[in-house]
């Protein structure tokens, strides 16, 4: 391997690492607040890419119908729960958040899509359409079992991923898509050509991470989220509502997943089922970082990106085998360095 | 149901299943075959996930390793499928042992995620190896032959599948009922307790992991020679979660639940495939996985405990039979009264900058009751954990019966004859009181996994049960032997812990705040029990807060404050010691 090739592989690796980093940060954020390991984040990223591709073609993306279907289901569940608990006066508010807003967004996109608005508008539309998906899924799937053990939540998340893949095929079809790059500008660093897209990816990853950092450190909502992640009961006693904190975490992580989907769409061909590998590689990154640290997750994700890039040079067919095999020694190393806390999960 | 009723029902079920080929079409029988093949994996998962609490998404990969092993040997290299079985078992168990050795020290969700990761890695591997046919797999796998006759038809291989499922179930039920199975059942809820009873938690987990992989290997071998074709798609991540689904739908921790779950899922899948096209002719294929996942999610939301526990709760309970009298287990040679037993020399333990135990030295002699007291934060519990090996010393030495135990793991200390109780009672609340006490005798029994599976350890088991019953009588709990441990009030639960410690036939009993949370009359009963134990030449070291309880009971007292020993002597001496008064009352009035 020459230096030139190494430089090209490194640039590639950092670009995909930055994409994994966004998903990984979302994963960590959501895990710490809700204890759910949201395996389907990768699916959301893929769905965003597919949505953007449909909008580029002036077609109505499948996400529109998906959001409408989920909104109706989520609102029905919320309505039944409210009426049963005797809180029928909360219905208008629930209708606003679970029904009116998501469906309004979906219908707006549907109306605007045939006109093929300019690229920035299309990006915003794709993002706006994907953001409600995870909070709605949270209401439908996880809220009824919010206090279940972490492992049950994990199993549900994995099952949810399979449901989403099936829905993805239904709403988007089997064709792969690749969108236009955000910019055609490029430059040269150490002999390797760095495309504008790569720069966008890295800048977006850094900017969003910085934004999250500021949000967590300096705003009351950020502090409430951190409080919920370190102790649910304690936070509840202080007036933080875990369900609301959870919804905020879902929205934030969805934005991260959505942005990563927008950024990856021009780089890789995305299919309805491409999300699993994106999500799992982000997971590997998050685990390298210890599942509780945002910078750790970001660094871990970049390591995964680099590893994947160099592994694909060594053997392109075995790169996924290599990336997932590496998780085992990493987990072992983590279990050796982390402080052992006896888990009392007697049921 | 009583044991006899269970046996009769099981026998009738097996006879009915053996007659099935006479009644059903070939298609239905082949469906049964698939159920049996999946059930083998699900039984292993019931043991691994339901009993031991290790959630594995990776079983499909083990099935795949076995299926590919036998396919490679028989279809590509022309050897007998029976040789394939041997290779499948050896290879699968070796892979499981290696993966387990690397990952089973991980906790909870980390462990599960690692199973997802290596499951995926192995799945990808099948599709990317030239010699294994890449993504198109291996076809033309020969059928299994018995005495020159090839098992080609589904009715023929049916009996082999049935035999394997029945034998596996019997072996696994026997195993769960044995000494090893008891240790496995106790794993849920943390390692500290099981290690303090002399169980090697890691080895127990590893064995369970390999057993589950062994069953997966049987399944993979049958699958390869029944479908006569293997490809990576049959062993991917989706299949891994489907196996987990089978085990969970059947019932967490229920072995027969594995069979029930495999049946339900297979029939359900079949029904979805049949009926979805009627509802949605264009999108049936896509909706299948959605419907399936949705049903599983709803199941996990509302009926997580599974089908078999739901039914079992509605069957009449068997009246448990008291253990029959049996020969006593061998006893340890107890040291002569007054001989030095425990010697703590300059013990040190730091937590970061805090010195929790600072150069503490004291002795305990055989046959006495020693109290370790001190105000909150004095370091008593840390000292206690150092003695039992739950924490490691930073300096100094601890000797027990002349053996250095400073560096020994908890289970070695337990086996050397120190039995402990916990400040926060650690029982297995869903196991019976008798089973909890039997756990204490783990270190005194020898029979292992194979003897347990074959039920060759019944005489030893009978002796252990009689011993456990004796300890329950000694502590006044005989009437509660078959109650669920979690249903007892706290005072009784503390006594169960003492009975469990006694079942280990200890030389030294160390009790961590045994009187905490007890009512006055319960404390008096406890004091009476401890005096009786001393009369039986047992040595007791207790950490306690309750002064009245300690002063009236113990022979000698060691007082700690801020990590150091500040006084030692007879109760009256200690009470008169100004340093002790200062520590407790903040200065002499």
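Overview of results
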| item | result |
| --- | --- |
| Distance in nm between pseudo-label sites at residue B:483 and residue A:6 (7 Å out along the Cβ direction from Cα) | 7.1 |
| Per-pair calculated FRET efficiency, R0 = 56 Å: residue B:7 and residue B:562 via Cβ, rounded to 0.05 | 0.35 |
| Zone residues, region A:28-63, relative to residue A:269, backbone N less than 20 Å from point 7 Å out along Cα-to-Cβ | A:43, A:45-57 |
| Antiparallel bridges, percent of DSSP beta bridges restricted to chain B (to nearest 5) | 60 |
| Length released on extending from residue A:73 to residue A:292, taking residue separation times 0.36 nm less the Cα-Cα span | 75.6 nm |
| Candidates A:12, A:138, A:147: whichever shows maximal mean-square fluctuation once chain A is modelled as a Gaussian network with Cα springs under 10 Å | A:147 |
| Gaussian network model of chain A, springs between alpha carbon atoms under 10 Å - residue of A:308, A:217, A:78 with greatest fluctuation | A:217 |
| Contour minus Cα-Cα distance for residue B:354 and residue B:455 (0.36 nm per residue) | 31.2 nm |
| Descending principal axes extents, region B:502-589, alpha-carbon based, whole Å | 45, 27, 21 |
| Percentage of interatomic Cα-Cα distances in chain B larger than 33 Å | 52 |
| Order of B:467, A:188 under a 10 Å beta carbon neighbour criterion, fewest first | A:188, B:467 |
| Likely footprinting exposure, A:64, A:141, A:80, fewest C-beta neighbours within 10 Å first | A:80, A:64, A:141 |
| Mean separation of Cα contacts under 8 Å (6+ apart) over length of region B:28-238, as relative contact order % | 43 |
| For q = 0.06, 0.09 Å⁻¹, Debye-computed log10 I/I(0) when each Cα of the protein assembly as shown counts as one equal scatterer | -0.51, -1.07 |
| Alpha carbon centroid spacing (whole Å) that separates region A:218-284 from region B:278-342 | 34 |
| Where labels lie 7 Å past Cα in the beta-carbon direction, separation of residue B:331 and residue A:175 in nm | 8.6 |
| Segment residue B:102-residue B:345, length gained on full extension (0.36 nm per residue, minus Cα span) | 83.8 nm |
| Cα shape, chain A, gyration tensor, a/c 1.5 rule | oblate |
| Gap separating the Cα centres of region A:1-50 and region B:38-103, nearest whole Å | 32 |
| Value of relative contact order over chain A, rounded to a whole percent, pairs C-alpha under 8 Å and six or more apart | 37 |
| Pairwise FRET efficiency - residue B:392 versus residue B:573, Cβ, R0 = 35 Å, nearest 0.05 | 0.60 |
| Among A:213, A:98, A:294: highest mean-square fluctuation, GNM of chain A, C-alpha pairs under 10 Å | A:213 |
| Mean projection area, nm², convex hull over Cα of region B:304-431 | 13.5 |
| Relative contact order %, chain B, counting alpha carbon pairs below 8 Å whose residues are six or more apart | 17 |
| With Cα atoms, 0 to 90° folded angle of helix B:3-23 axis to chain B main axis | 10 |
| Degrees, to the nearest 10: B:458-474 long Cα axis against longest axis of chain B | 40 |
| Residue order, fewest to most surrounding Cβ atoms within 10 angstrom, among A:37, B:547 | B:547, A:37 |
| P(r) histogram, all alpha-carbon pairs of region B:28-238 included - 5 Å bins from 0, percent | 1, 8, 15, 19, 19, 15, 11, 7, 4, 2, 0 |
| Simple spin-label estimate for residue B:490 and residue B:288 in nanometres, 7 Å along Cα-Cβ | 5.7 |
| Cβ-Cβ FRET estimate between residue B:146 and residue B:446, R0 fixed at 51 Å, reported to 0.05 | 0.85 |
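Bear in mind that the values in this text are calculations on the coordinates, not laboratory data. Everything numeric here is computed off the predicted structure, so don't read it as measured data. Backbone-built Cβ (ideal geometry, glycine too); neighbour counts: all protein chains shown.
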